[in-house]
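Everything on this sheet refers to the single structure shown next.
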There are 2 protein chains.
Amino acid sequence: MDGKILIVDDVATNRILLKVRLHAAHYCPMQAATGAEALRLLRSESFDLVLLDLILPDLTGIDVLRRLRADPATANLPVIVLTATSRPEDRLAALAAGADDVFAKPTDTQLLLSRIRNLLRDRQKLSDLCDSGDTALLGLSEAAAGFESPGVIGLIASRPEAALHLRHALQPHCSDRLLTLTPDQAIGDGMAPPVPADIFLIDGAPPLADGGRALMSDLLSRTATRQAGVCLLAQAALPARDAAMAFDLGASDVLHAEHPPRELALRLRAAMRRKRYTDRLLLSLQDGLRHAVFDPVTGLHNRRYALARLQALLRQPGPLAVIMADLDMFKSVNDRFGHAAGDHVLTEVGRRLSAHLGQSDVLARFGGEEFLILLPEEDMTRAQATAETLCRALAETPIPLPGGQGALTVTASFGLACRDALPAPGTNSVAISGETLLAEADCALMQAKAQGRNTVRADTRRRA
Amino acid sequence: MDGKILIVDDVATNRILLKVRLHAAHYCPMQAATGAEALRLLRSESFDLVLLDLILPDLTGIDVLRRLRADPATANLPVIVLTATSRPEDRLAALAAGADDVFAKPTDTQLLLSRIRNLLRDRQKLSDLCDSGDTALLGLSEAAAGFESPGVIGLIASRPEAALHLRHALQPHCSDRLLTLTPDQAIGDGMAPPVPADIFLIDGAPPLADGGRALMSDLLSRTATRQAGVCLLAQAALPARDAAMAFDLGASDVLHAEHPPRELALRLRAAMRRKRYTDRLLLSLQDGLRHAVFDPVTGLHNRRYALARLQALLRQPGPLAVIMADLDMFKSVNDRFGHAAGDHVLTEVGRRLSAHLGQSDVLARFGGEEFLILLPEEDMTRAQATAETLCRALAETPIPLPGGQGALTVTASFGLACRDALPAPGTNSVAISGETLLAEADCALMQAKAQGRNTVRADTRRRA
């Protein structure tokens with residue numbers, strides 16, 4: 001279910017009004033009239049966003065917000081607080097308790113809807129990747145918020161004194177590191193990486209074009225900065241239409257220079273909280289992807305990665321050598337010393353092979369005790385020399401076993417196949433497939449096994 | 001290197017002018033004066049985008065574009081064609097050859113920059129996930145464009161007759177399926193999934209607010225539609241500032257009603273091509289994530305997934321039972337019948353266990369011949385009954401071996417541990433950790449092994 005929004009308000013007409021507006025915008029609103037009912041619903045169902053009134057008959061909205069933030073299941077749920085007053089102390093209290101934004105009633109519908117889609121989009125842009133929506137799939141359960149260390153906030157202004165003024169005002173209310181930057185410094189010079197800020201605050205005062213919106217779009221499109229949250233600072237309250245546009249452009253918040261510095265700091269803090277949530281999501285996704293290409297025992301790349309790299313390397317024009325290596329009589333290691341010792345041997349073999357390979361070479365654990373090595377730009381002669389080196393590197397020095405079980409001499413047999421450099425474009429030639437190359441290396445490996453092991457054999461069919 | 005842009009133009013002053021503008025915007029421009037030089041650079045270096053003039057001294061820009069699209073390495077590279085004329089036939093030829101956009105010279109700098117960041121952002125939003133930037137890591141090399149089957153284009157207009165008129169005009173030039181939709185139908189009613197269009201074209205004519213930009217932002221924020229490309233159709237050429245804003249909001253293209261229908265169709269085709277590129281990227285990312293949580297041999301979830309789910313389930317208040325199952329004397333299966341037969345047995349065991357478990361239960365291959373089962377909401381009595389059922393399901397019927405090797409009776413030993421329902425909130429209680437629960441189940445499993453195998457034992461320490 002998409003866009004499930006909980007409306008918490010004690011006044012029935014308020015709830016109905018919001019419900020009608022959300023329904024017309026094709027969201028799926030539900031209602032709670034008391035704090036207790038809201039907390040009960042939040043525990044039993046899953047929502048995408050909460051619209052929370054501050055005045056409730058039982059608890060205060062602030063209490064509801066605090067409890068919701070203390071529960072790991074709802075700690076990162078977007079909450080927009082709606083207040084009947086526009087008193088600064090209400091806004092401050094709501095932001096301090098963890099609100100993502102505070103709107104005074106009556107709210108502008110277009111602005112509220114743009115803020116809702118802004119917060120939903122922010123939250124969901126990475127979760128698209130879990131097709132089942134099952135976040136445990138990402139080990140995300142592990143990625144709950146821990147200790148919140150200070151972050152880096154980049155204060156961007158065209159005039160350096162404006163950025164310094166901002167820093168001076170925010171400093172007493174911020175535990176984050178505050179950097180002052182010109183627009184050029186924030187974007188970076190294209191060569192050196194720009195300052196790795198978690199949040200940027202753009203002072204939209206002239207001469208900056210467009211109230212800073214173009215600069216914000218620029219930051220959100222650059223590799224080095226697009227994971228940052230970008231907040232705009234307007235000199236006065238923006239027309240609802242302009243603020244809505246800023247949210248649709250991806251602003252993490254729209255701040256007003258007339259707000260007290262403490263409110264600015266609290267809004268930056270909320271932006272920082274959201275940024276860290278998406279950071280954690282991104283990290284666990286990357287971690288998941290790493291697990292998909294690495295072998296957990298040896299830390300080497302796995303078969304899946306090696307096959308994808310082989311396909312990619314075959315598209316390049318240079319020569320390519322493939323070595324298939326299989327440990328000799330490895331089953332007896334597991335049988336005599338146990339699986340832990342066997343895993344230790346595999347890891348040490350991987351370490352030794354890797355020590356004799358270059359940066360552009362690929363080394364993978366291909367199966368149980370089988371390793372695949374891809375040598376771009378190596379022809380048969382050079383690849384044979386490399387394989388001989390690897391063979392000696394294993395056989396020469398015994399591998400110490402864990403737990404004082406002594407040391408063991410481990411050898412491997414090596415089978416080698418090679419694809420020559422591709423002929424010049426335009427020449428008719430049949431491309432050799434990865435499957436063929438692997439089969440040839442496997443065949444050479446079997447010859448090495450048959451001829452006494454601990455040796456290298458090359459596939460010679462195409463050289464005949 | 002971020003934002004590496006190749007400028008291809010035979011006139012030195014044009015190149016220098018563009019270079020200065022790109023450099024001022026913190027991109028990293030390079031230059032080519034001929035088609036041959038451009039193709040050579042594109043083969044030897046990696047670019048993020050190309051600005052291509054149509055008139056070159058050797059090849060035509062169209063030739064360069066066709067060759068670039070025919071090479072898998074550059075087939076999806078964004079290309080903006082710059083023409084000295086604004087003749088419709090030049091635009092059509094460039095779009096037909098695979099240009100992402102065509103700008104007449106002199107180009108508005110703000111508009112060109114917003115289109116550049118729009119195309120860069122579109123391309124890179126998913127590649128952030130590969131922290132090394134190594135796309136082979138994703139098996140992406142496999143995901144090269146194949147046969148381009150027709151897609152679905154949703155034509156959205158407030159007045160149904162306007163959408164029908166659009167469909168009538170586009171039909172002769174489009175091989176994609178064209179649907180006519182009202183804005184409400186495109187967003188969906190919140191319950192039923194909306195039409196799964198690949199591309200939406202929004203007719204921005206009144207009464208639609210904001211030239212369709214708000215509706216576009218809405219579509220780009222909804223789970224069901226945010227993977228689609230959204231194009232805006234303006235009634236007349238937009239001011240550069242408005243078109244730039246549309247690109248920064250994420251428009252896949254901005255079309256003009258005054259363009260010939262064939263140009264509209266070609267621009268929609270280019271949007272479709274970009275959409276399919278990100279689709280393939282998304283699919284290979286999801287595939288990578290699946291590999292991170294599934295065991296390739298049995299198709300069951302793996303240890304990593306099971307441990308994450310265990311942590312998540314321990315945070316829920318109900319009881320939780322954990323069963324550790326280990327096949328009895330499994331090594332002899334591999335030794336006698338080979339690894340292929342062993343894998344077949346593991347797969348069949350997984351199938352049988354899974355047939356007796358519910359949807360909310362978790363079954364994972366935990367190690368070599370070890371399976372972990374998590375039973376949410378089951379107490380010791382019920383979990384014991386479940387384990388007995390699983391034990392019988394294995395022992396009762398022999399497993400047929402592949403290759404006519406007969407059938408084999410395979411049994412397993414089961415160790416069981418349980419966490420009771422959590423006491424009411426507020427009560428002081430010590431939470432049991434996942435490690436403890438697993439160790440208890442493991443201990444019970446060892447008892448089952450010691451007591452003759454093919455049996456179930458429960459951890460009884462905390463019940464004493």
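The values are calculated or read from the model by the stated rules, or taken from the named source; none is laboratory data. No experiment lies behind these values; they were computed from the predicted model shown. Cβ sites come from the backbone with ideal geometry, for glycine too, and all protein chains shown count toward neighbours. Ligands, DNA and RNA are stripped out before the accessible areas are found, and what is left, the full protein with its side chains, is counted by its heavy atoms. Shrake-Rupley method; radii C 1.70, N 1.55, O 1.52, S 1.80 Å.
Brief remarks on what is shown
- Percent of beta bridges antiparallel (DSSP, chain B, rounded to nearest 5): 35 percent
- Calculated from backbone phi, Karplus (6.51, -1.76, 1.60) coupling profile of segment B:274-284 in Hz, x at Gly/Pro: 5, 4, 6, 5, 5, 4, 5, 4, 4, 4, 6
- The orientation-averaged shadow of the Cα convex hull for the protein assembly as shown, equal to a quarter of the hull surface, comes to 44.1 nm².
- Ranked from shortest, the separations from the 7 Å Cα-to-Cβ label point of A:ARG40 to its equivalents in the other copies are 7.7 nm.
- Residue and whole-Å distance for the chain B Cβ lying nearest the axis of the B-onto-A rotation are B:ALA292, 2.
- Compared with the dominant Cα axis of chain B, that is its longest principal axis, helix B:380-395 is turned about 90°.
- Loop exposure criterion: GluC sites (Glu not before Pro), DSSP state outside H, G, I, E and B, at most 13 other Cβ atoms within 10 Å. Applied to chain B, the longest stretch between such sites is B:259-395.
- Accessible area of A:HIS356 in the full protein assembly, 1.4 Å probe (Å², nearest 10): 90 Å²
- Mean Cα-pair separation over length for chain B, i.e. relative contact order, pairs under 8 Å, 6 or more apart, %: 10 percent
- Net charge of Cβ neighbours under 15 Å - reference A:PRO207; Lys, Arg +1; Asp, Glu -1: -2
- Note on the protein assembly as shown: antiparallel DSSP beta bridges, both residues inside, total approximately 35 percent of the bridges counted.
- Globularity index of segment A:1-124, i.e. its alpha-carbon radius of gyration over 2.2 N^0.38 Å: 0.94
- Computed log10 I(q)/I(0) for chain A at 0.06, 0.11, 0.14 Å⁻¹: -0.44, -0.90, -1.16, from the Debye equation with unit scatterers placed on every C-alpha and solvent omitted.
- Under 16 Å from the Cα of A:LYS4 - aspartates and glutamates, other chains or at least 8 residues apart: A:GLU45, A:ASP48, A:ASP122, B:ASP189, B:ASP218
- Solvent-accessible area buried by B and A, counting both chains, probe 1.4 angstrom, square angstrom: 5600 Å²
- Remark: label point of B:SER360 defined 7 Å out from Cα along the Cα-Cβ vector; separations to the same position in other copies 5.6 nm, ascending.
- Relative to one another, the C-alpha centroids of segment A:277-321 and segment B:163-184 are positioned 42 Å apart.
- Links that overshoot a 26 Å alpha carbon limit, given the list B:LYS19/B:LYS105; A:LYS331/A:LYS449; A:LYS19/A:LYS105; A:LYS105/A:LYS275: A:LYS105/A:LYS275
- Using a 7 Å Cα-to-Cβ projection, A:PRO57 label spacings across copies, nm, ascending: 8.5
- Using a probe of 1.4 angstrom and keeping all protein chains present, the accessible surface of the protein assembly as shown works out to 42 square angstrom per residue.
- Dimensions (Å) - segment A:144-286, Cα atoms, principal axes, largest first: 40, 34, 30
- Using alpha carbons only: equivalent-ellipsoid semi-axes of segment B:276-359, gyration tensor based, whole Å: 28, 23, 11
- When a 1.4 Å probe is rolled over the protein heavy atoms, the share of accessible surface on segment A:1-124 that falls to carbon and sulfur comes to 57 percent.
- With all protein chains in place and ligands, DNA and RNA left out, the 1.4 Å accessible area ranks A:ARG457, A:ARG121 as A:ARG457, A:ARG121, largest first.
- The amide H of A:ASP328, built 1.01 Å from its N in the peptide plane, has A:THR411, A:ALA412, A:SER413 as neighbours under 5 Å, considering only residues 5 or more places off or on other chains.
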